[in-house]
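Have a look at the structure below before the remarks.
The values are calculated or read from the model by the stated rules, or taken from the named source; none is laboratory data. Every value quoted in this text rests on a predicted model; they were computed, and no experiment measured them. Please note: Cβ atoms are built from the backbone with ideal geometry, for glycine as well, and neighbour counts cover all protein chains shown.
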Amino acid sequence: MNLLHRALDKPRTLAPRRWLFQIHLWVGILVGLYAIAIGVSGTVLVFREEIVESSLHQWRGVSAPPGAPRASPDEIVAAVRKAGGYQGTLTLEFPQAPDRAIEATFFTRNFMHYVFVDPYRARVLAQVIPGGPALRWLDTLHSNFFLKRPGRVINGIGGLLLVLLALTGICIWWPGRKLWRRRMIIGFRARFKRLNWDVHNTLGFWGLAAVVIVSFTGAFFTWPQIYRAAVDRYFPLSKSEVPPRVERPPDASRVPLAALLAAANQAVPEGPAWRINIPGSPNDPVRVLKRGGGDPPYRTATTITLNPYTSRVLRVDRYADHTAGDKIFAWIGPLHTGNFGGLPVKLVYALIGLLFPTLFLTGFIMWWDRVVMRRWRAAHPAPRKQEATVEV
């Protein structure tokens, strides 16, 4: 029997399979706790947007006085900065409905703060850090294990090790042409050991692509520049342009935000302004975003960059002008988080998150029974029952 036939019909006789099995075993033991932590926290964080929305929706509604004019964007910004004492970069989101509050957001200590403002009275209604301490705890655990940059590196290495675990697993999964169909189903009537074995093999097979995609894209958040260079090699990305320089005339002050919004609408007439990004630094430009048609809309938004002292448009960045490489690169993050396609996709990603601890626990049970307990029994043989003596 040649090598090909052995690989197809009797893979257990091949030395490389035994090597791959050892790699799979010890990598699995090494990343086991990591897989549990990252999988369980990821399952919860898939629904981050819904959790955040549930903590914010009570502040979104306002009473619209009949015929009352809206406050100017500058009045809104002044109210937000006065209430929060925050002078850094601020983003305003303009609602389309007349009975919705204006939302201002900013980051401090890696947390997103929301400030809700009455658009008619320029009065702050609430300041909220959404999701509560539990969500922030899970987010920090999932992102960097509370270790900042070192934790982020550990996370990236763990993601790549999970890819290695999945690829070695599918290699040792192959049982031969006569048995491969049996490995794709779970025998629920089997005894526990066989059921555990079936669960590990079957879920490992059907979840292979999902595990590889989620794990590989997870490492992107550790080394985004490496991923960017890899995509650019085969699908050229748009060249990284130097950020627009703000030329400030002598003794000039910022023009009203309403004038900047008008200039943005003149440059890009399609649709109303959705968000405006107001920098805290006097040397940075203002950016106006117009909603895109994708999900979520910010991924396909058009961005107009303006000089805050002259209202001059410095750059227009349209999604339609992005290269194929830009769009591929932009999908790496969503493929990891599952924030596309609505609730059905999120439910699938939640199950993928639970797949990580399930595969580890079923694999650990097999290892414990076949290796640890077997060695224990060999070192501590059970005493034989003494034969009863019969007197005649």
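Taking the numbered list (1) part of a helix (DSSP H, G or I); (2) surrounded by fewer than 16 Cβ atoms within 10 Å (Cβ to Cβ) in turn, residue 146 passes all entries but (1). The residues in region 111-143 that are of a type in the set (Lys, Arg) and over 21 Å from the mean Cα position of the chain (by Cα) can be counted, and the count is 2.
Give region 192-249 a look and list any residue that's of a type in the set (D, E, K, R) and over 23 Å from residue 181 (Cβ atoms), or say none.
228, 232, 233, 239, 241, 245, 247, 248
The condition (being in contact (Cβ under 8 Å) with a residue 40 or more places away in the chain, assigned to a helix (DSSP H, G or I), among the β-branched types (Val, Ile, Thr) and more than 22 Å from residue 356 (Cβ to Cβ)) is satisfied by just one residue among 214, 231: 231.
Pairs are defined by a Cβ separation below 9 Å, a sequence spacing of at least 6 or placement on different chains, a first member in region 79-92 that is more than 22 Å from residue 283 (Cβ to Cβ), and a second member that is among the acidic types (Asp, Glu) and surrounded by 15 or more Cβ atoms within 10 Å (Cβ to Cβ); the pairs so defined are 79/118. Listed conditions (1) in contact with a strand residue (DSSP E or B) (Cβ under 7 Å, 6 or more places away or on another chain); (2) buried (at least 18 other Cβ atoms within 10 Å of the Cβ) are all met by residue 166, apart from (1). Which residue is modelled with the highest pLDDT, if the candidates are limited to region 291-323 and must be assigned to a loop (DSSP other than H, G, I, E, B) and in contact with a Phe, Trp or Tyr (Cβ under 9 Å, 6 or more places away or on another chain)? Looking at residues that are assigned to a loop (DSSP other than H, G, I, E, B) and in contact with a Phe, Trp or Tyr (Cβ under 9 Å, 6 or more places away or on another chain), I get 323. Taking the stated definitions as given, is residue 334 loosely packed, with under 15 Cβ neighbours inside 10 Å and modelled with pLDDT under 95? Taking the combined requirement at face value, the residue does not satisfy it.
Take the conditions (1) more than 23 Å from the chain's Cα centre (by Cα); (2) buried (at least 16 other Cβ atoms within 10 Å of the Cβ); (3) outside any helix (DSSP H, G or I); (4) among the hydrophobic types (A, V, I, L, M, F, W, C); residue 179 misses just one of them, which is (2). Across region 248-275, the number of residues qualifying as in a loop (DSSP other than H, G, I, E, B) and basic (Lys, Arg) comes to 2.
Check region 59-69 and report whether any residue there is within 15 Å of residue 129 (Cα to Cα), under 28 Å from the mean Cα position of the chain (by Cα), part of a helix (DSSP H, G or I) and modelled with pLDDT of 85 or more. Explain how you work it out, then say what you get.
The first filter runs over region 59-69 and keeps only residues within 15 Å of residue 129 (Cα to Cα), leaving 59-60.
Still in the running and under 28 Å from the mean Cα position of the chain (by Cα): 59-60.
So of that shortlist, the ones also part of a helix (DSSP H, G or I) come out as 59.
Now restrict to residues that are modelled with pLDDT of 85 or more: 59.
The answer is yes, given that some residue of region 59-69 is within 15 Å of residue 129 (Cα to Cα), under 28 Å from the mean Cα position of the chain (by Cα), part of a helix (DSSP H, G or I) and modelled with pLDDT of 85 or more.
What about residue 327, is it in a helix (DSSP H, G or I) and surrounded by fewer than 17 Cβ atoms within 10 Å (Cβ to Cβ)?
Working: in a helix (DSSP H, G or I): yes; surrounded by fewer than 17 Cβ atoms within 10 Å (Cβ to Cβ): yes.
It is true that residue 327 is in a helix (DSSP H, G or I) and surrounded by fewer than 17 Cβ atoms within 10 Å (Cβ to Cβ).
Selection of region 332-384 for residues being assigned to a helix (DSSP H, G or I) and of a type in the set (Lys, Arg) yields 346, 370, 374, 375, 377.
Quick check on residue 283: is it closer than 25 Å to residue 82 by Cα, crowded, with 17+ Cβ neighbours inside 10 Å, among the polar types (S, T, N, Q) and at pLDDT 85 or above? Lay out the reasoning, then the answer.
Numbers: closer than 25 Å to residue 82 by Cα: yes; crowded, with 17+ Cβ neighbours inside 10 Å: no; among the polar types (S, T, N, Q): yes; at pLDDT 85 or above: yes.
Against the criterion (closer than 25 Å to residue 82 by Cα, crowded, with 17+ Cβ neighbours inside 10 Å, among the polar types (S, T, N, Q) and at pLDDT 85 or above), residue 283 does not qualify.
Condition check: farther than 21 Å from residue 315 by Cβ, of a type in the set (Asp, Glu) and not assigned by TED's automatic domain parsing to the domain that holds residue 317. Does residue 251 satisfy that? Yes: the conditions hold for residue 251.
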